[in-house]
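The values are calculated or read from the model by the stated rules, or taken from the named source; none is laboratory data. The model shown is predicted, which means the values in this text are computed figures rather than measured ones. Neighbour counts are summed over all protein chains in view; Cβ atoms, including those assigned to glycine, are modelled from backbone coordinates with ideal geometry.
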Amino acid sequence: MAAPAPAKERPSKRFHSKNASAEERTNSTSNAATSPARKLMTGSKPKKRSAAPKKKGPLPHNSRQMNSNSEEKLGPIRRYLRNQFLGHEVEDEYHSESQGQIFAVERGSILYRARISREFLDDHTPAEITNLLHQWNLARALQYAGGVMVQVTNAGIS
């Protein structure tokens, strides 16, 4: 009786199929992963993603459109809105078309919006801004307007 013929070794495949054994898949990729030529072909390593949640806060503003004093003047407006609308999210961003800072105060389906003109920010100190928002009662104007955008300018609230 003849001895069984030795099994032929299959050459390692560059691409493997779903049906390939685990050993074949390991062998076919282990050399390619460490080969310098392989590294050149694949490019850089994939970027690592942070598992930390993104921090919520004010939306970015277009600093080229705003002067350097504007950012320090936005803080009092944010504080005013957060104090007047406890539990609401307050976000803002610069809107180049209207040349003003748009503030959004949101909680669930409730949304209030205000546009603070650039001139208003430029012409008043942070303390004056706080006083005017209280004097003009911006919070009441936002509630009264509902979803309609409220305008804050040097002339007042409209």
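Each residue in the range 101-112 was checked for being out of contact with any Gly (no Cβ under 7 Å at 6 or more places or on another chain) and surrounded by fewer than 21 Cβ atoms within 10 Å (Cβ to Cβ), and 6 pass. Residue-level check: of (1) more than 16 Å from LEU138 (Cβ to Cβ); (2) out of contact with any Asp or Glu (no Cβ under 8 Å at 6 or more places or on another chain), GLU89 misses just (2). If you go through the range 133-154 and pick out every residue that is among the hydrophobic types (A, V, I, L, M, F, W, C) and either crowded, with 17+ Cβ neighbours inside 10 Å or touching a Leu at 6+ places or on another chain (Cβ under 8 Å) (or both), you end up with 7. The residue that is modelled with the lowest pLDDT, among those in the range 68-92 that are part of a loop (DSSP other than H, G, I, E, B) and more than 15 Å from ARG113 (Cα to Cα), is SER68.
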